[in-house]
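Comments concern the structure below.
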Amino acid sequence: MNRFTYTKANSIDDTLREVNADHDIKFIAGGTNLIDLMRANVEHPSHLVDINHIDLHAIQETAEGGLSLGALVKNADTAYHEHVQSRYPLLAKAILAGASPQLRNMATNGGNLLQRTRCYYFYDTATPCNKRVPGQGCSAINGFNKIHSILGTSAHCIATHPSDMCVALAALEARIKVIGNDGERVIPFAEFHRLPGDTPHIDSTLKPGELITSIELPSKGFETHYQYIKLRDRRSYAFALVSVAVGLELQDDYIQEARIALGGVAHKPWRDETVENFLNGKKAAEDAFETAAEMMMKDAKGFRYNNFKIEMAKRAIVRALVDARDLKTPEPLHCYTYNRHQQQ
Amino acid sequence: MKDIMNKEVDDRKEDAIVTEKQLLPVQLNVNGKQYILHLEPWTSLLDALREHLGLTGTKKGCDHGQCGACTILIDGKRINSCLTFAVMYQGVPITTIEGLAQGDKLHPLQQAFIKHDAFQCGYCTPGQICSAQGMLNEGHAYSRDDIHELMSGNLCRCAAYNNIVKAIEEVIETGQTPDAV
Ligand SMILES: Cc1cc2nc3c(=O)[nH]c(=O)nc-3n(C[C@H](O)[C@H](O)[C@H](O)COP(=O)(O)OP(=O)(O)OC[C@H]3O[C@@H](n4cnc5c(N)ncnc54)[C@H](O)[C@@H]3O)c2cc1C
Ligand code: SF4
Ligand code: FES
Ligand code: FES
């Protein structure tokens, strides 16, 4: 690990004062991604600002009837928060599908958004990677690309965004509040993460030196019809190959509003509003779900070892829509077990 | 310490040199004892416990958050001590495997692990036991399925999983759930 200096910030002002273009500064929250990447010599900040003592630890109801999740609230405390459990169970379930209990006790909401890809070549400094060193080339496109993207890829990078939490936040249309030396901004979730294009080293639209202060959830939580399915190489403690977050608003048998977001398939949580608009007003039945899944994978392209993801995603989309439609009673969300509510 | 912590941004370049030589003082509260250490900021909490305090019960398996051998309790909640820096834990109550037994009296989880033969080589065991205590403190395990999922952050290369689950179940069932530590 490289040598660095370390300071603790006690306030937002403290933090922003530390931001200085001459230094490679990083904020450290839970540290679970940053320290891992520093150990792999992928990140090498010269200065770390410990932001854990800033007052961003609250979960509060907002004036618009939504919920504001402080950037420094731990993932576990967010998932088990009573309002998240009752009003945004999709989010609780997605968070609990991620990492391990230990890591969820460390990981923060802000850090989760900014975690970097798990592409093996990105981690391996002996292989070329455009995300790590712009212009070096991409080892995954013609390499072992089992965990890589099938949608929104570019000739420069086919990495995925690895978060589970973010897939649910995309479906819920959360907004990200940030503050920098130029003031505060609110970024709609769909605009927070970006596609790789020819600048894959940039993961998000957060500007250097900007601090995430909170995640704002709108009032609509799809708490009666939702599902998060995560498919992976083992049942727990593994990143998603494909994941699906679904929220449905139903009236009788008809869909008033559908939300579908996919994880493990692109450089950002993947939503497709054409598909959601197609479903709106339709009967919530398998044939419509199957058409939706086909539509959502229309432009999907595999890179050999990840070809299986296309069929897997289609089936997972249909399954998640069926599960969300059929969800009868609120499930107890102590922890994620696949299709737990059907397993009595 | 104040000096290091409150440096002005402007002389950061100098700081880099100063801090490389200068260690940061940190007070760690481990198993009820206070220790004052002078550490490089990049010392992981795991290395501080093992190398600086000689508390070698906590193990290093992967150093990447992928195995759980380094699990300890912070304010009763479990974390991976390998993925965090010691300087971030000023004054926070830390419990390691060494802090679970009461003198010669083993902790109920330790007793149950022995009874159920819940280990072979034992390398993962301190992490498993701390994790199990953390799980009990956190209060979300209601069934065997829950235990499977909520203990998934601890790998066992010897695959003693079945007996680990039995040991934990026994502690829960016989109501000897230890007080939060
Ligand atoms: C073994 C392992 C398995 C995992 N499995 C999963 C999984 O299955 N699903 C999943 O979703 N995740 C998984 N994770 C990833 C984990 O969720 C992330 O590492 C975690 O969410 C990052 O949060 P943090 O607070 O620790 O971030 P840090 O490591 O502290 O920071 C990450 C980045 O965010 C920046 N940052 C942090 N907070 C802010 C802020 N408020 N404002 C601006 N910048 C900020 C930091 O500067 C850094 O660049 C896994 C991690 C490990 C190690
Ligand atoms: S897919 Fe992206 S992150 Fe992976 S090697 Fe290619 S450029 Fe790097
Ligand atoms: S040593 Fe910390 S998780 Fe493996
Ligand atoms: S007992 Fe050997 S690793 Fe678990």
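The values are calculated or read from the model by the stated rules, or taken from the named source; none is laboratory data. All values reported here derive from a predicted model rather than from experimental measurement. With ideal geometry, Cβ positions are generated from the backbone for all residues, glycine too; neighbour counts draw on all protein chains shown. We work out accessible area using only protein heavy atoms, side chains counted, and drop any ligands, DNA or RNA first. Shrake-Rupley method; radii C 1.70, N 1.55, O 1.52, S 1.80 Å.
Could you identify the single residue in B:Leu106, B:Leu100, B:Leu136 that is more than 14 Å from chain A (Cβ to nearest Cβ), crowded, with 18+ Cβ neighbours inside 10 Å, hydrophobic (A, V, I, L, M, F, W, C) and within 19 Å of B:Thr174 (Cβ to Cβ)?
B:Leu100
Checking B:Asp145 against (1) open to solvent by 40 Å² or more (accessible area, probe 1.4 Å); (2) more than 9 Å from chain A (Cβ to nearest Cβ); (3) of a type outside the set (A, V, I, L, M, F, W, C), which single condition isn't satisfied?
Going through the list (1) open to solvent by 40 Å² or more (accessible area, probe 1.4 Å); (2) more than 9 Å from chain A (Cβ to nearest Cβ); (3) of a type outside the set (A, V, I, L, M, F, W, C), B:Asp145 breaks only (2).
Can you confirm whether region A:58-76 contains a residue that is touching a Cys at 6+ places or on another chain (Cβ under 7 Å) and open to solvent by less than 20 Å² (accessible area, probe 1.4 Å)? Talk me through it step by step, then tell me what you get.
Of all residues in region A:58-76, those touching a Cys at 6+ places or on another chain (Cβ under 7 Å) come to none.
Checked against the condition, which is being touching a Cys at 6+ places or on another chain (Cβ under 7 Å) and open to solvent by less than 20 Å² (accessible area, probe 1.4 Å), region A:58-76 yields no hits at all.
What do you reckon, is A:Lys220 without any contact (Cβ under 8 Å) to a residue 60 or more places away in the chain and surrounded by 15 or more Cβ atoms within 10 Å (Cβ to Cβ)?
Values: without any contact (Cβ under 8 Å) to a residue 60 or more places away in the chain: yes; surrounded by 15 or more Cβ atoms within 10 Å (Cβ to Cβ): yes.
Spelling it out, A:Lys220 is indeed without any contact (Cβ under 8 Å) to a residue 60 or more places away in the chain and surrounded by 15 or more Cβ atoms within 10 Å (Cβ to Cβ).
Check whether at least one residue in region A:144-157 is surrounded by 15 or more Cβ atoms within 10 Å (Cβ to Cβ), touching a helix residue (DSSP H, G or I) at 6+ places or on another chain (Cβ under 9 Å) and basic (Lys, Arg), and report yes or no.
Yes - at least one qualifying residue is present in region A:144-157.
With respect to the numbered conditions (1) open to solvent by less than 10 Å² (accessible area, probe 1.4 Å); (2) under 19 Å from A:Leu151 (Cα atoms); (3) touching a residue at least 40 places away in the same chain (Cβ under 8 Å); (4) not basic (Lys, Arg), which one is the sole condition not fulfilled by A:Leu248?
(2)
Pull up region A:193-247, narrow it to residues that are of a type in the set (Gly, Ala, Ser) and touching a Ser or Thr at 6+ places or on another chain (Cβ under 7 Å), then point me to the one that is nearest to A:Leu69 (Cα to Cα).
My answer is A:Ser214.
Within the bounds of region A:16-27, is there any residue that is in a strand (DSSP E or B), buried (at least 21 other Cβ atoms within 10 Å of the Cβ), within 13 Å of chain B (Cβ to nearest Cβ) and not aliphatic (A, V, I, L, M)?
yes
Go through B:Lys33, B:Lys60 for me and flag whichever is under 19 Å from B:Cys124 (Cβ atoms), open to solvent by 60 Å² or more (accessible area, probe 1.4 Å) and not assigned by TED's automatic domain parsing to the domain that holds B:Thr125.
Details: B:Lys33 fails: under 19 Å from B:Cys124 (Cβ atoms).
Of B:Lys33, B:Lys60, the one residue that is under 19 Å from B:Cys124 (Cβ atoms), open to solvent by 60 Å² or more (accessible area, probe 1.4 Å) and not assigned by TED's automatic domain parsing to the domain that holds B:Thr125 is B:Lys60.
Hey, any hits in region B:123-130 for a residue that's among the hydroxyl-bearing types (Ser, Thr, Tyr), assigned to a helix (DSSP H, G or I) and either touching a helix residue (DSSP H, G or I) at 6+ places or on another chain (Cβ under 7 Å) or more than 12 Å from chain A (Cβ to nearest Cβ) (or both)?
yes
When A:Cys157 is evaluated against the numbered criteria (1) touching a Cys at 6+ places or on another chain (Cβ under 7 Å); (2) under 19 Å from A:Arg232 (Cα atoms); (3) not charged (D, E, K, R), which criterion, by number, is the only one it fails?
All conditions are met except number (2).
Is it the case that B:Gly68 is open to solvent by less than 50 Å² (accessible area, probe 1.4 Å), within 16 Å of ligand 4 (Cβ to nearest atom), at positive phi and not in a strand (DSSP E or B)?
yes
Return the pairs, sorted by first residue and then second, in which the second residue is open to solvent by 30 Å² or more (accessible area, probe 1.4 Å) and not in a loop (DSSP other than H, G, I, E, B), the first residue lies in region A:120-143 and is over 18 Å from A:Phe303 (Cα atoms), the beta carbons are less than 8 Å apart, and the residues are 6+ apart or on different chains.
As it stands, the answer is A:Thr127/A:Tyr121, since those pairs meet every condition given.
Does A:Leu169 count as closer than 30 Å to A:Gly66 by Cα and not in a loop (DSSP other than H, G, I, E, B)?
yes
State all residues of region B:148-159 that are away from ligand 4 (no atom under 15 Å from the Cβ) and either in the same structural domain as B:Asn31 (by TED's automatic domain parsing) or open to solvent by 30 Å² or more (accessible area, probe 1.4 Å) (or both); if no residue qualifies, say none.
B:His148
Please work out if A:Arg271 is more than 14 Å from chain B (Cβ to nearest Cβ), at pLDDT 95 or above and at positive phi.
It is false that A:Arg271 is more than 14 Å from chain B (Cβ to nearest Cβ), at pLDDT 95 or above and at positive phi.
Out of region A:225-248, which residues are out of contact with any Asp or Glu (no Cβ under 9 Å at 6 or more places or on another chain) and away from every other protein chain (no Cβ under 11 Å)?
A:Leu231, A:Arg232, A:Asp233, A:Val242, A:Val244
Take A:Asp164 and decide whether it is more than 16 Å from ligand 2 (Cβ to nearest atom) and either outside the structural domain of A:Tyr305 (by TED's automatic domain parsing) or free of Cβ contacts under 8 Å to residues at least 12 places away in the same chain (or both).
The answer is yes for A:Asp164.
Filter region A:316-330 down to residues that are buried (at least 16 other Cβ atoms within 10 Å of the Cβ) and basic (Lys, Arg) and give me whichever is nearest to the chain's Cα centre (by Cα).
Residue satisfying both the conditions and the ranking: A:Arg319.
Which of the numbered conditions does A:Arg259 fail, given that it passes all the others? Conditions: (1) surrounded by fewer than 20 Cβ atoms within 10 Å (Cβ to Cβ); (2) among the basic types (Lys, Arg); (3) part of a strand (DSSP E or B).
That leaves (1) as the condition not met.
Mind listing just one residue for me: the one in region A:77-93 that is open to solvent by 10 Å² or more (accessible area, probe 1.4 Å) and away from chain B (no Cβ under 14 Å) and, of those, farthest from A:Val178 (Cα to Cα)?
Here the residue is A:Ser86.
In region B:71-93, what residues are within 15 Å of ligand 3 (Cβ to nearest atom), farther than 23 Å from B:Ala159 by Cα and assigned to a strand (DSSP E or B)?
B:Leu73, B:Ile74, B:Phe85
Residue by residue through region B:109-122, note down the ones that are in contact (Cβ under 8 Å) with a residue 12 or more places away in the chain and surrounded by 16 or more Cβ atoms within 10 Å (Cβ to Cβ).
B:Leu109, B:Gln110, B:Ala112, B:Phe113, B:His116, B:Ala118, B:Phe119, listed by residue number.
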